[in-house]
Amino acid sequence: MNEPVRLSAWVHGLVQGVGFRWWTRSRALELGLVGSATNTRDGRVHVVAEGPRSACEDLLELLRSGETPGHVTVVVESWESARGDSTGFEER
């Protein structure tokens, strides 16, 4: 259950210009994850996180919690094997 995985989450809603990426980075670091939170041109935020599956699932639950900055309407997720190509967690 705690094999390293890669979570890719596309977060829709009012999530740009509200501190969402900073909040996501803080939660990810608390969970011991690496990756990034990136604004996209269409107003979404793309979150990529790698680490133990349980920690990635915790982050996904937080993204959907309704307690983020801004307003999340939906989070579309996909999973794959960890690539191991990230260090730290970046806001982009």
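Here are the numbers for this structure:
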{"item": "Cα→Cβ-extended label distance, 7 Å offset, between THR40 and SER26, nm", "result": "2.5"}
{"item": "Normalised contact order of the chain, rounded percent, pairs of Cα under 8 Å and 6 or more residues apart", "result": "46"}
{"item": "SER65-HIS12 pseudo-label distance in nm [points 7 Å out on the Cα-to-Cβ vector]", "result": "2.3"}
{"item": "FRET efficiency for ARG92 and ARG53, using Cβ-Cβ distance with R0 set to 25 Å, rounded to 0.05", "result": "0.55"}
{"item": "Equivalent ellipsoid dimensions for the chain as semi-axes, Å, which come from the Cα gyration tensor, largest first", "result": "20, 13, 12"}
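No lab work stands behind these numbers, since they all come straight from the coordinates. The shown structure was predicted, so the numbers you read here are calculated from the model rather than taken from an experiment. Glycine also receives a Cβ, built like all others from the backbone with ideal geometry; neighbour counts cover every protein chain displayed.
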